[in-house]
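Structure first, then comments.
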Amino acid sequence: MKVYNHGKREVNQVAITFDDGPGPCTEEILDILRFYDVKVTFFVLGKWAEKYPDIVRRVVREGHSIGNHTYSHLSRWLRKGDFKRAEGVISSIIGESTRFIRAPYFNTIGCRGYYPIKQGLVKIVGADVEPKDWKNKAEDIQKIVKEETKNGSILVLHDGSEKWKELKSRPLEMTRALPGILEFLKSEFNLVRLEEFIF
């Protein structure tokens, strides 16, 4: 079972990904991405996709891609069914199957036995740049991204939270950091969705 934490290092490319949405902050993030003309991949939770289907449709309409981050961020032992449940929700909204999954906390034990993985229909995607945007201030988030990103990096940020009480508050510092992150990355790298990424 292969996990892709980065792409080819000899290729000038970076993939930005967002986890744990959609949520109230996702629309502002989409506005920022549109302003900077950057396309990314959103790994959504099925329970929030059910609650905010119009945001999921907007994500796709504006040229971004959608990945499966389980339905409810369950523990590793229950995750196989959680991926399947999320896939049902997501595909009913966007009209197609997802091609990428990400395990909560990057713990892939619960991915074993998930049929699309065994059939080679999806890739398990991790990340090699994780600025811990759920706890760091905007300036520190930007600093980590600038110091750690290199050719082939996959960056993980958060546009939501698995917890309802943090869904709006958790992404605030990341949202503040995002314009500076995009300005830096655009000046150094070719930014692509995972569909265009060379693994």
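The values are calculated or read from the model by the stated rules, or taken from the named source; none is laboratory data. Because the structure is a prediction, the values reported are computed rather than measured. When we count neighbours, we look across all protein chains shown, and the Cβ atoms used for this are built from the backbone with ideal geometry, even at glycine.
Observations on the model:
- Scan of the stretch 1-59 for residues that are out of contact with any helix residue (DSSP H, G or I) (no Cβ under 7 Å at 6 or more places or on another chain) and among the basic types (Lys, Arg), ordered by number: Lys2, Lys8, Arg9, Arg34, Lys39, Lys47, Lys51
- Only one entry in Lys84, Lys51 is surrounded by fewer than 21 Cβ atoms within 10 Å (Cβ to Cβ), under 13 Å from Gly160 (Cβ atoms) and either free of Cβ contacts under 8 Å to residues at least 60 places away in the same chain or among the polar types (S, T, N, Q) (or both), namely Lys51.
- Matching option when the condition is surrounded by fewer than 22 Cβ atoms within 10 Å (Cβ to Cβ), outside any loop (DSSP other than H, G, I, E, B), modelled with pLDDT of 95 or more and among the β-branched types (Val, Ile, Thr), among Ile90, Ile109, Ile144, Ile117: Ile144
- Filter pass, Ile124 being farther than 19 Å from Lys163 by Cβ, out of contact with any Leu (no Cβ under 8 Å at 6 or more places or on another chain), part of a strand (DSSP E or B) and in contact (Cβ under 8 Å) with a residue 24 or more places away in the chain: yes
- Annotation note: of Asp82, Asp54, Asp19, Asp31, the sole residue that is under 23 Å from Glu183 (Cβ atoms), charged (D, E, K, R) and part of a helix (DSSP H, G or I) is Asp31.
- Filter result (of a type in the set (D, E, K, R) and either touching a residue at least 40 places away in the same chain (Cβ under 8 Å) or touching a strand residue (DSSP E or B) at 6+ places or on another chain (Cβ under 6 Å) (or both)) within the stretch 140-187: Glu148, Lys150, Asp159, Glu162, Lys168, Arg170, Glu173, Glu183, Lys186
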